[in-house]
């Protein structure tokens with residue numbers, strides 16, 4: 001079991017899906033304040049607009065028609081997760097190749113049991129439709145985004161980045177559950193991951209994340225991870241969920257707190273600290289990682 005909270009500041013200009021959240025002033029208007037005296041003005045300009053409300057009780061469920069989700073019926077974690085979906089879904093969309101087909105949401109239970117594998121899942125469009133909407137959304141997928149015009153997969157393509165930025169800039173939350181599983185490919189067993197993307201808002205009463213947590217105890221599923229993307233106050237968790245073990249190098253020093261914001265001093269430099277550790281990270285054998293150190297891989 002692993003729970004990680006990723007706090008993202010202004011996401012304008014962020015070029016990848018997963019990274020270190022940083023607070024920067026972008027564009028015209030109010031620049032990044034040089035002192036705490038201007039912080040209230042800065043905070044109001046950039047963050048007071050993060051109050052878009054979601055329509056309650058209108059969850060849209062997007063299901064990737066793949067072997068991964070079809071085999072989820074045999075997963076204890078999927079079985080614990082599913083009741084929240086069948087009870088909450090008011091819209092159901094089947095992601096079949098380049099097509100995204102609507103189905104009757106009151107048939108969600110039956111639909112999840114009649115999934116066939118369809119190649120070339122357009123996960124990017126599915127996520128962007130959720131992000132541009134005004135309801136909660138859930139995307140069930142193996143994370144394998146393929147396009148008919150691309151000969152290989154999109155291993156190094158942060159295809160969900162725009163959807164994440166769109167949703168988070170509204171002040172909402174994204175939770176991701178990552179479940180490891182084995183899939184038989186030909187005669188060979190392959191280790192893969194099943195992803196549960198929850199686009200929600202913790203300010204929404206009876207939101208889908210709270211519903212899921214009523215029936216899913218992560219400690220009952222070793223190896224399954226939980227990630228939280230947000231623009232709100234950060235929380236620190238150790239890998240085992242007990243106590244706090246922050247990396248001192250990457251931790252901020254709080255200088256001043258006032259109202260619903262605080263001044264933080266981040267002493268780690270990008271070129272000297274962040275870039276060598278994460279952007280140009282190394283694996284367990286000391287070899288350079290071409291695309292940096294990920295929080296999670298599929």
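The values are calculated or read from the model by the stated rules, or taken from the named source; none is laboratory data. Being a predicted model, the structure only gives us computed values, none of them experimental. Heads up, the Cβs are rebuilt from the backbone with ideal geometry, glycines too, and the neighbour counts pull from every protein chain shown.
Residues checked against (1) in contact with a helix residue (DSSP H, G or I) (Cβ under 7 Å, 6 or more places away or on another chain); (2) modelled with pLDDT under 95:
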position: 101; (1), (2): no, no
position: 110; (1), (2): no, no
position: 119; (1), (2): no, yes
position: 132; (1), (2): yes, no
position: 136; (1), (2): yes, no
position: 143; (1), (2): no, yes
position: 151; (1), (2): no, yes
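Take residues that are in the same structural domain as residue 171 (by TED's automatic domain parsing) and under 22 Å from residue 229 (Cβ atoms) and tell me which of the helices (runs of 4 or more DSSP H) falling wholly in region 65-140 contain 3 or more.
Here the list reads 76-88, 123-131.
Can you find a residue in region 232-249 that is under 23 Å from the mean Cα position of the chain (by Cα) and modelled with pLDDT of 70 or more?
yes
Give me a count of the residues in region 83-101 that are in contact with a strand residue (DSSP E or B) (Cβ under 7 Å, 6 or more places away or on another chain) and either farther than 20 Å from residue 67 by Cα or in contact (Cβ under 8 Å) with a residue 12 or more places away in the chain (or both).
Looking only at that region, the number is 10.
I'd like to check something: does region 199-220 contain any residue that is touching a residue at least 24 places away in the same chain (Cβ under 8 Å), in the same structural domain as residue 129 (by TED's automatic domain parsing) and in a strand (DSSP E or B)?
Scanning region 199-220, I find at least one residue that is touching a residue at least 24 places away in the same chain (Cβ under 8 Å), in the same structural domain as residue 129 (by TED's automatic domain parsing) and in a strand (DSSP E or B), so the answer is yes.
Quick one: count up the residues across region 163-198 that are under 20 Å from residue 131 (Cα atoms) and part of a loop (DSSP other than H, G, I, E, B).
Count: 4.
Is it the case, given these coordinates, that residue 159 is surrounded by 16 or more Cβ atoms within 10 Å (Cβ to Cβ), modelled with pLDDT under 85 and over 22 Å from residue 86 (Cα atoms)?
In short, no.
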